[in-house]
1. Out of (1) away from the ligand (no atom under 16 Å from the Cβ); (2) of a type in the set (A, V, I, L, M, F, W, C); (3) farther than 18 Å from A:LYS376 by Cβ; (4) within 14 Å of chain B (Cβ to nearest Cβ), the odd one out for A:MET433 is which?
2. For region A:263-273, check the following and say yes or no: at least one residue is closer than 30 Å to A:GLU129 by Cβ and either within 14 Å of chain B (Cβ to nearest Cβ) or out of contact with any strand residue (DSSP E or B) (no Cβ under 7 Å at 6 or more places or on another chain) (or both).
3. Would you check which residues across region A:184-215 are part of a loop (DSSP other than H, G, I, E, B) and either within 14 Å of chain B (Cβ to nearest Cβ) or under 23 Å from A:ALA111 (Cα atoms) (or both) and list them?
4. Restricted to region A:144-169, and to residues that are away from the ligand (no atom under 16 Å from the Cβ), under 19 Å from A:GLY205 (Cα atoms) and out of contact with any Lys or Arg (no Cβ under 9 Å at 6 or more places or on another chain), which residue is farthest from the other protein chains (Cβ to nearest Cβ)?
5. When region A:442-490 is examined, which residues are found to be buried (at least 24 other Cβ atoms within 10 Å of the Cβ), of a type in the set (Val, Ile, Thr) and more than 12 Å from the ligand (Cβ to nearest atom)?
6. Any residue at all in region A:478-494 that is free of Cβ contacts under 8 Å to residues at least 40 places away in the same chain and either outside any loop (DSSP other than H, G, I, E, B) or within 14 Å of chain B (Cβ to nearest Cβ) (or both)?
7. Return the total of residues in region B:28-60 being more than 8 Å from chain A (Cβ to nearest Cβ) and either in contact with a Cys (Cβ under 9 Å, 6 or more places away or on another chain) or hydrophobic (A, V, I, L, M, F, W, C) (or both).
8. Being in contact (Cβ under 8 Å) with a residue 40 or more places away in the chain, away from the ligand (no atom under 16 Å from the Cβ) and not charged (D, E, K, R) is the filter here, so list the residues in region A:362-379 that pass it.
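The values are calculated or read from the model by the stated rules, or taken from the named source; none is laboratory data. Just so you know, these numbers come straight off a predicted model, no measurement behind them. Quick reminder, even Gly has a Cβ in these numbers, built from the backbone with ideal geometry, and neighbours come from all protein chains shown.
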Amino acid sequence: MNPFGKADFGFGHEKEEIGTKHGSRITRFRAFSVIEILKQSGNVRQIGPPEFCDQRPRMVQANPCAISPGECREAIREKGRLLLMGMTISEKILAAHAGLDSVVPGEIINAKLDLVLANDVTGPVAIQEFGKLGIDQVYDKERVTLVPDHFTPNKDIASAEQSKILRDFAKKMGIKNYWDVGRVGIEHCLLPEQGLVLPGDLIIGADSHTCTYGALGAFATGVGSTDCAAGMATGEAWFRVPESLKFVFHGSKFQPWVGGKDLILYIIGKIGVDGARYKAMEFTGDGIRSLSMDNRLTISNMAIEAGAKAGIIEPDEITLAYVKARAKRDYKVYKSDPDASYEKIYEFNSEDIPLQVAFPHLPENTKSVDEASGLKIDQVVIGSCTNGRLEDLEIAAKILKGKKIHPEIRCLVFPGTQDILLEAMRRGWIETMIQAGAAVSTPTCGPCLGGHMGILAKGERALSTTNRNFVGRMGHPQSEVYLCNPAVAAASAVRGEIVHPREVVNNG
Amino acid sequence: MGKVWKYGHDIDTDAIIPARYMNRSEPEHLAAHCMEDADVTFAQEVKAGDVIVGGKNFGCGSSREHAPIAIKAAGVKVVIAESYARIFYRNALNIGMPILECPEAVVGTEAGDEVEVDLKSGKIDNKTKKTTFQAKPFPPFMQELIDAGGLIPYVKEKKKNA
Ligand code: SF4
């Protein structure tokens, strides 16, 4: 173990199989580090001498050195390269925004931001903190964005007051990207759709699911209101460069009805809700590359449910096709180097992943849908920043077509944005859902966080395409939330209990 | 000296302050509902100077700063946990809510114990059990933030010197 945390110079890899789980290989790449070698020689307290850090001057600032240049050079001669190590996509984006050639995990950097966002819950607190800075303008009117999506259309007087704080601030500061009811959508559906988050961006948002934008090849992470306030004022934030974990999906063939939601739930089930705490998750392999943007956004969205700082996917043609139609400014595509260093690499066979259901009260309590089959439910929620995009609605509509929602089920559909709602309407999917007996709402976070529009009573059980199933998340502390993908949700709404879609769709 | 309120692993932000109360953001309002879904007695009985002890991944879930604000406004002097979720950790430091990481103290402390915590040195003194523990020191940059009194005073100071 390295007593200096991860803030070391990796410069080689040793592959180590640490076991197999459900037929999937788990390998760990151990990065050698000069520190480890020097440590064995005795007298190291800190990292690399200035002579060696000419390509990494900030390392000297971050970690003043206490070993002699000779010792360091000797170790490097012995073990090969030190400074030319590859970087992950996350490290590259962070380095570029900090004005550095390279960064290493553990390093603390100050970096420039491409976008700062807040919503109607976190925004008012951020605005209050912003006020304390004694500044009268945000760092960039185009790059600070406010999205009133949680308690809107306002559910009560208190939430109306919160929204008003946001609206007044947006007006006063001349913030360009502010949307009100009738145009607003759920932030993590809206911003990618509007072309405001782009590959290579560094983004902070006062909302934990800001990590969604990793699907576009951006490094995006959730922060609190105070970080957001400082970001709005300065256009900068401090970051600890995270270690990266790689998740490889082999094979572009998936089981029927399996989508991005199942992959990410499966991962969380394997590594737990703190399995990626403070780390950057990187999703890759031909399995990921075969997925649509909507599916990728679902995966990155839930990186935070494993505790991660970011959930990133390298841009490819699919990403660029999505972005090109929307971007109004330049962007840059970063990719991980083949010799980049990962703390752990998890490998899965795409075809092995079954449909997932996460049981209360943590997203890590995953089971296959067959294990959950037959469980009675009261409410089905389809939508949210996890699964409220066009393809999600398409899947739900496909299953609901010509069928009826079970008489004892309330089925609520929350499209992510007005554009999504409109397009789904044009394609006839909204009509299909309404005819089946579902309630279709204007875009809002609504029941996802137990805010409004579909709160559960004591003892009630919901099956939901949202991302959290904590105690009380959707209502009464003694209600329950089960998480799944839109196909399972729609099929279960028809059956009145959790069911595999093949049971409901004859040709499924 | 404060009384220990002990909770388990993965205490999430919905447990610390349920979203249904986040249509308002005044600290007193949040404090009145602090920990409600995990422990209904907490908000009624917590006294100024009390200590929350949690397991691993304390504060996971949402980015809501309302969580550390609620805890701070409830009068809690310090949270001690095995580990913290990333955003909660940042938020607590940013708003000046003291937190300490000390797995040994978590194991060695029970609900209702009386503890004395020295925030400067990170020393945790369990008076009931007559044991002491040493929390992990913060990285230098974090300590700078803490010493400045949180992120806003820190940024203000930096802006002034720029
Ligand atoms: S839909 Fe749910 S998870 Fe997404 S931003 Fe809204 S409340 Fe948060």
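1. If we test A:MET433 against (1) away from the ligand (no atom under 16 Å from the Cβ); (2) of a type in the set (A, V, I, L, M, F, W, C); (3) farther than 18 Å from A:LYS376 by Cβ; (4) within 14 Å of chain B (Cβ to nearest Cβ), just (4) comes out false.
2. Here is the first cut: in region A:263-273, the ones closer than 30 Å to A:GLU129 by Cβ are A:273.
Keeping just the survivors that are either within 14 Å of chain B (Cβ to nearest Cβ) or out of contact with any strand residue (DSSP E or B) (no Cβ under 7 Å at 6 or more places or on another chain) (or both) gives A:273.
Yes, region A:263-273 contains a residue that is closer than 30 Å to A:GLU129 by Cβ and either within 14 Å of chain B (Cβ to nearest Cβ) or out of contact with any strand residue (DSSP E or B) (no Cβ under 7 Å at 6 or more places or on another chain) (or both).
3. The initial filter retains those residues of region A:184-215 that are part of a loop (DSSP other than H, G, I, E, B), namely A:184-186, A:194-201, A:206-207.
Once the filter is applied, which keeps residues that are part of a loop (DSSP other than H, G, I, E, B) and either within 14 Å of chain B (Cβ to nearest Cβ) or under 23 Å from A:ALA111 (Cα atoms) (or both), region A:184-215 yields A:GLY195, A:LEU196, A:VAL197, A:LEU198, A:PRO199, A:GLY200, A:ASP201, A:ALA206, A:ASP207.
4. To start, the set of residues in region A:144-169 that are away from the ligand (no atom under 16 Å from the Cβ) comprises A:144, A:156-158, A:160-161, A:164-165, A:167-169.
From the residues that got through so far, the ones that are under 19 Å from A:GLY205 (Cα atoms) too are A:144, A:165, A:167, A:169.
So of that shortlist, the ones also out of contact with any Lys or Arg (no Cβ under 9 Å at 6 or more places or on another chain) come out as A:165, A:167, A:169.
Numbers: A:ILE165: 9, A:ARG167: 16, A:PHE169: 14 Å.
If we take residues in region A:144-169 being away from the ligand (no atom under 16 Å from the Cβ), under 19 Å from A:GLY205 (Cα atoms) and out of contact with any Lys or Arg (no Cβ under 9 Å at 6 or more places or on another chain), then A:ARG167 is farthest from the other protein chains (Cβ to nearest Cβ).
5. Within region A:442-490, just A:VAL488 meets the criteria.
6. Kept after step one, since they are free of Cβ contacts under 8 Å to residues at least 40 places away in the same chain, are these residues of region A:478-494: A:478-479.
Okay, now just the ones that are also either outside any loop (DSSP other than H, G, I, E, B) or within 14 Å of chain B (Cβ to nearest Cβ) (or both), so A:478-479.
Scanning region A:478-494, I find at least one residue that is free of Cβ contacts under 8 Å to residues at least 40 places away in the same chain and either outside any loop (DSSP other than H, G, I, E, B) or within 14 Å of chain B (Cβ to nearest Cβ) (or both), so the answer is yes.
7. Looking only at region B:28-60, we keep the residues that are more than 8 Å from chain A (Cβ to nearest Cβ), and these are B:28-35, B:39-55, B:58-59.
Okay, now just the ones that are also either in contact with a Cys (Cβ under 9 Å, 6 or more places away or on another chain) or hydrophobic (A, V, I, L, M, F, W, C) (or both), so B:30-32, B:34-35, B:40, B:42-43, B:46, B:48, B:51-53, B:58.
So the count comes out to 14.
8. Those that are in contact (Cβ under 8 Å) with a residue 40 or more places away in the chain, away from the ligand (no atom under 16 Å from the Cβ) and not charged (D, E, K, R): A:ASN365, A:THR366, A:VAL369, A:ALA372, A:SER373, A:GLY374, A:LEU375, A:ILE377.
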